[in-house]
1. Which pairs have Cβ atoms under 8 Å, sit 6 or more apart or on different chains, and link a residue in region 26-37 that is outside any helix (DSSP H, G or I) to one that is open to solvent by less than 60 Å² (accessible area, probe 1.4 Å) and among the small types (Gly, Ala, Ser)?
2. Out of Lys169, Lys106, report the one residue that is farther than 27 Å from Ser34 by Cβ and surrounded by fewer than 14 Cβ atoms within 10 Å (Cβ to Cβ).
3. Does Ala154 satisfy the condition of being out of contact with any Pro (no Cβ under 6 Å at 6 or more places or on another chain), surrounded by 12 or more Cβ atoms within 10 Å (Cβ to Cβ) and farther than 21 Å from Asn25 by Cα?
4. Considering only region 119-136, state which residues are open to solvent by 10 Å² or more (accessible area, probe 1.4 Å) and of a type outside the set (Asp, Glu).
5. Would you point out the residue of region 139-155, among those that are in contact (Cβ under 8 Å) with a residue 60 or more places away in the chain and farther than 13 Å from Val87 by Cα, that is nearest to the chain's Cα centre (by Cα)?
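The values are calculated or read from the model by the stated rules, or taken from the named source; none is laboratory data. Just so it is clear, the model here is predicted, and its values are computed rather than measured. As a convention, Cβ positions derive from the backbone with ideal geometry for all residues, glycine included, and neighbour counts pool all protein chains shown. Surface accessibility is based on the protein's heavy atoms, side chains included, excluding ligands, DNA and RNA. Shrake-Rupley method; radii C 1.70, N 1.55, O 1.52, S 1.80 Å.
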Amino acid sequence: MSNIQNFDYQIKYILIGDTAVGKSNILLRFMQNSFFEGYKATIGVEFGEKNLKLDYLNFKLQIWDTSGQETYQSITRSYYRNAACAVIVYDVTNKNSYLNVQSWIKECWENSSGYALLVLVGNKIDLEENRVIMRGEAEEFARENKMIYIETSAKTGENVEKVFMESLKKIENNII
């Protein structure tokens, strides 16, 4: 039996952000097109792999979903290394999760190789009536920090795939 590699590039992603912002459900939606209605805290990290074809290249995405709980941050810091993309997730209905984005950016730069593409994701847009962070405010923040900005709903699936496709296109442009 031969060990044939079925991808051209392996890309490491890390999902970071406060606890309960929807990181695990974004991963679950992207990997299995499903959603977990309750809340289950991530203990340490969870992992998923998915192969995607973009233009003429095959990519294997390795996605590390980290715990947002401070208790596990010393464990999760090692997962930043060699990440090509850090997806920083906040909850559009939770002001503190947005205010903490700056500290997640700092955490990323301190623990990564320093070249990771940053994507800011405002999750839970299905709860529009409870929104406290306006799209324009977050878009401006992302622009100032040279980040891609995308709003998602892990619950409905809206724009979840876009997070990975948009970032992968930018990574591909840097590769070629």
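1. Listed pairs, sorted by first residue: Asn33/Gly157; Phe35/Ala154; Phe35/Gly157; Phe36/Ser24.
2. Numbers: Lys169 fails: farther than 27 Å from Ser34 by Cβ.
Among Lys169, Lys106, only Lys106 is farther than 27 Å from Ser34 by Cβ and surrounded by fewer than 14 Cβ atoms within 10 Å (Cβ to Cβ).
3. no
4. If the condition is that a residue be open to solvent by 10 Å² or more (accessible area, probe 1.4 Å) and of a type outside the set (Asp, Glu), then Lys124, Ile125, Leu127, Asn130, Arg131, Val132, Met134, Arg135, Gly136 are the ones that fit.
5. Per the criteria, the residue is Ala154.
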